[in-house]
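The values are calculated or read from the model by the stated rules, or taken from the named source; none is laboratory data. Here the structure is a predicted model, which is why all the values come from computation and not from measurement. Counting neighbours? That spans all protein chains shown, and the Cβs are built from the backbone with ideal geometry, glycine included.
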Ligand code: NAD
């Protein structure tokens, strides 16, 4: 066995149905009594549910969480938190809301209890991406990691089917890249394979019956495992490309991950035999070919497969290639201009990965 290093991220996880009712006990255990609740404008009813469960005993609610964590929103929220003299933060929502709470917690030291409602996985990572002057910058610091995560399957029932699918593929992408990370290790490999398997089984079931507790539970369980992978080991080509494409062309987060993943995996495939073998076990009925397994899953989920549908122009392909090549990073296969151009072109056009 090869030598390895493993660093766990110390957060408390509460998982189940109806677990949102545990908030008062969790706060009591921690000694907090004036949490500020955070959400997006679309999830104010879930924020109200938090406040109701606490019998109205919150410092207040901030409802302006925004995708890609713009720093002007964070500054406004930090000011609001100071005025209200809150003693902790509760984020309820997807990666956008959790990102805001992470940014606030990092600046102020306030304790962060996260209640995720998508499959993005941000709640279990010490990573924060923030946007200032149109540029998204990522930092990693143990102080960014939320202290407690309450996974309540019931809250995911309202996640629209298409977003459930793309958010689930976003989670799978974390595990796929973890399986070939330079600083990978056996624990993370186990979590990654289990996470992909859970999501690959659950997502078609969620599409068939979005109210299925069993399918939603399995999807959320898989998302937790995949998020844990993202928080523990380095990501490469796929995540860097999505970061570039999302940031430069303002493409939506989970949809971009969904479109790019099969192409990025196909690019790296010749150099990652052991990851391909693990993934072959994780995708049901893929005949030993994870790229086929991923293509089949995406076709079953009937998600959009082309970046042009989200407004990327054909002439943007060369710009994306330039940016992707200008910022060197480790990847199992060398980043070469012509095949990267072809990868992005295929993702733009919506062609199947081979
Ligand atoms: P999101 O948080 O932007 O949510 C998308 C939309 O769905 C929002 O309008 C939200 O209010 C709504 N929504 C969320 N859950 C819902 C539910 N259960 N029912 C109904 N509506 C719901 O999307 P996301 O994909 O979760 O997060 C994307 C953001 O998170 C990006 O900015 C990305 O960079 C970041 N992210 C960060 C990390 C990290 O580790 N730092 C990891 C993953 C994603």
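Residue 313 meets each of the listed conditions (1) closer than 22 Å to residue 177 by Cα; (2) in a loop (DSSP other than H, G, I, E, B) apart from (1). The helices (runs of 4 or more DSSP H) found entirely in segment 141-241 that carry 2 or more residues being at pLDDT 95 or above and touching a strand residue (DSSP E or B) at 6+ places or on another chain (Cβ under 9 Å) are 213-232.
Please specify each residue of segment 24-47 satisfying the condition of being on the phi < 0 side of the Ramachandran plot, more than 14 Å from the ligand (Cβ to nearest atom) and surrounded by fewer than 14 Cβ atoms within 10 Å (Cβ to Cβ).
Selection gives 24, 25, 28, 29.
When every residue of segment 288-300 is checked against the conditions, none turns out to be outside any helix (DSSP H, G or I) and touching a residue at least 40 places away in the same chain (Cβ under 8 Å).
Look at residue 136 and say whether it is within 25 Å of residue 10 (Cβ to Cβ), outside the structural domain of residue 241 (by TED's automatic domain parsing) and more than 13 Å from the chain's Cα centre (by Cα). For residue 136, the condition - within 25 Å of residue 10 (Cβ to Cβ), outside the structural domain of residue 241 (by TED's automatic domain parsing) and more than 13 Å from the chain's Cα centre (by Cα) - is not met.
Is segment 46-59 home to any residue that is in a helix (DSSP H, G or I), closer than 27 Å to residue 243 by Cα and in contact with a helix residue (DSSP H, G or I) (Cβ under 8 Å, 6 or more places away or on another chain)? Looking through segment 46-59, none of the residues is in a helix (DSSP H, G or I), closer than 27 Å to residue 243 by Cα and in contact with a helix residue (DSSP H, G or I) (Cβ under 8 Å, 6 or more places away or on another chain). For residues in segment 65-95 being within 14 Å of the ligand (Cβ to nearest atom) and surrounded by fewer than 18 Cβ atoms within 10 Å (Cβ to Cβ), which is farthest from residue 254 (Cα to Cα)? Within segment 65-95, the match that is farthest from residue 254 (Cα to Cα) is 71.
Out of 127, 115, 98, which single residue is in contact with a helix residue (DSSP H, G or I) (Cβ under 9 Å, 6 or more places away or on another chain), closer than 26 Å to residue 256 by Cα and more than 9 Å from the ligand (Cβ to nearest atom)?
None of the others qualify; the one that does is 115.
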